[in-house]
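> Quick one: the structure is below, and I'll ask about it shortly.
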Amino acid sequence: MNLVPLTMLQKVAKNLIKLLNHIIMRLINQNKFKNSVLFLFFAFLSLYCHAESDFGVWTSAGVEKKIASGVSANFEAEYRMRNRVEVTDRFGFSTGLSYRLYRNKRKTFSVKCNLDYSFIRNLESSSITLKNIVPDKEGNDIQEYNEDDAFWRSRHRGSLSLSAGLKLSRFRISLRERYRLTYYDGQYVKETKYRYSYAFDKLIAREEEMELKSAKQLNVLRSRMQIDYDIPSFKINPFASIEFFNDIDNGLKLNKTRWRIGGEYTYNKTHNFVVYYQFQNASDQDEPGGHVVGVGYVFEI
């Protein structure tokens, strides 16, 4: 069964990602860009082949417009796949504003804030709820359970970020704190109840009903540290980051940690590309853990 809804939003997201791929392929034809792209491609392809846990691909494409000194607006579409790129599990759009609060005269230290809104469609995995344990005809224990189908759910997300960056020679160190509020829409889901049948001496689907998954909201504090390096005479700037996701509703409990390493490339001062490898040590309600390869593109107007 195809679990991907054929909605207009998803079609637009796919078209934006196709546009990103088209731009990359055109730039690959230019010799100055070719070696760098091929190097990153084969590096991440190798990581994919050796990944032992769930593997996903995250892609995004967007535009950014400077609207005043230190102020810019952006719009972005994202599309994600998981289970070794076999299942589409998320797509959505985001828009936001960025405002530079401070920058020193040498332009080596700056502070900025961001305000963003995102609309997300996410595939929730099927789940099982254990019920009674009953004996069969021979006295063996049989576990009865309810199973919820996988389903698509909409989310509305707002975030407020404060970040600071310091340039030291060719290094740049940045810290970011981001408060994130996510509201999950309520959704009806088909639930199947599996009960033991003495007549058939096995578990059978006794009843199907539509169960309401109630609306909810989650508050998360994300703390990230990132280091970038400007390599002399090299067009790709590598970076590495670590980010902690803390559950505000549960006493700032650490839910998961994300490590990311990759490279950024700017072409003709308007085309900005990023390619990265990411590992996340745990799954949560927001996304699965494991290995990810990501590609992003931003066009500056």
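The values are calculated or read from the model by the stated rules, or taken from the named source; none is laboratory data. These numbers come from a predicted model, not from an experiment. No Cβ is skipped: glycine too gets one built from the backbone with ideal geometry, and neighbour counts run over all protein chains shown. The accessibility values were calculated without ligands, DNA or RNA, using every heavy atom of the protein model including side chains. Shrake-Rupley method; radii C 1.70, N 1.55, O 1.52, S 1.80 Å.
> How many residues are of a type in the set (S, T, N, Q), under 17 Å from Gln285 (Cα atoms) and touching a strand residue (DSSP E or B) at 6+ places or on another chain (Cβ under 9 Å) if we restrict to the stretch 204-253?
So the answer is 4.
> Sort out for me the strands (runs of 3 or more DSSP E) sitting completely within the stretch 201-301 that have 2 or more residues that are among the basic types (Lys, Arg).
Where strands (runs of 3 or more DSSP E) fall fully within the stretch 201-301 and carry at least 2 residues being among the basic types (Lys, Arg), they are 202-213, 216-229, 253-267.
> Oh, and also: Counting only residues that are open to solvent by 50 Å² or more (accessible area, probe 1.4 Å), closer than 21 Å to Ser174 by Cβ, among the hydrophobic types (A, V, I, L, M, F, W, C) and modelled with pLDDT of 90 or more, how many does the stretch 222-253 have?
Adding up the residues that qualify gives 3.
> Residue check: is Leu130 in contact with a strand residue (DSSP E or B) (Cβ under 8 Å, 6 or more places away or on another chain), over 21 Å from Glu208 (Cα atoms) and either at pLDDT 95 or above or part of a strand (DSSP E or B) (or both)?
No, not satisfied.
> Something else about it: Return yes or no: is Leu101 surrounded by 14 or more Cβ atoms within 10 Å (Cβ to Cβ), of a type outside the set (Lys, Arg) and touching a strand residue (DSSP E or B) at 6+ places or on another chain (Cβ under 9 Å)?
no
> Restrict the check to the stretch 244-258 and report whether at least one residue is of a type in the set (D, E, K, R), farther than 20 Å from Gln226 by Cα and touching a Lys or Arg at 6+ places or on another chain (Cβ under 9 Å).
Yes, that holds for at least one residue.
> Mind telling me which of the residues Ala68, Ala61, Ala73 ends up being modelled with pLDDT of 85 or more and surrounded by 17 or more Cβ atoms within 10 Å (Cβ to Cβ)?
So the residue among Ala68, Ala61, Ala73 that is modelled with pLDDT of 85 or more and surrounded by 17 or more Cβ atoms within 10 Å (Cβ to Cβ) is Ala61.
> Find the residue count for the stretch 259-291, including only residues that are over 23 Å from Glu64 (Cβ atoms) and not small (Gly, Ala, Ser).
12
> So, one more: Does Leu166 satisfy the criteria of being closer than 22 Å to Leu218 by Cβ and at pLDDT 95 or above?
no
> Still on this structure, I have one more. Could you pull out the residue among Thr257, Thr270 that is touching a residue at least 12 places away in the same chain (Cβ under 8 Å) and surrounded by 13 or more Cβ atoms within 10 Å (Cβ to Cβ)?
Every option except Thr257 fails the conditions.
> When the residues of the stretch 150-192 are filtered to those that are surrounded by fewer than 16 Cβ atoms within 10 Å (Cβ to Cβ) and acidic (Asp, Glu), which remaining residue is farthest from Ala205 (Cα to Cα)?
Ranking the qualifying residues of the stretch 150-192, first place goes to Glu177.
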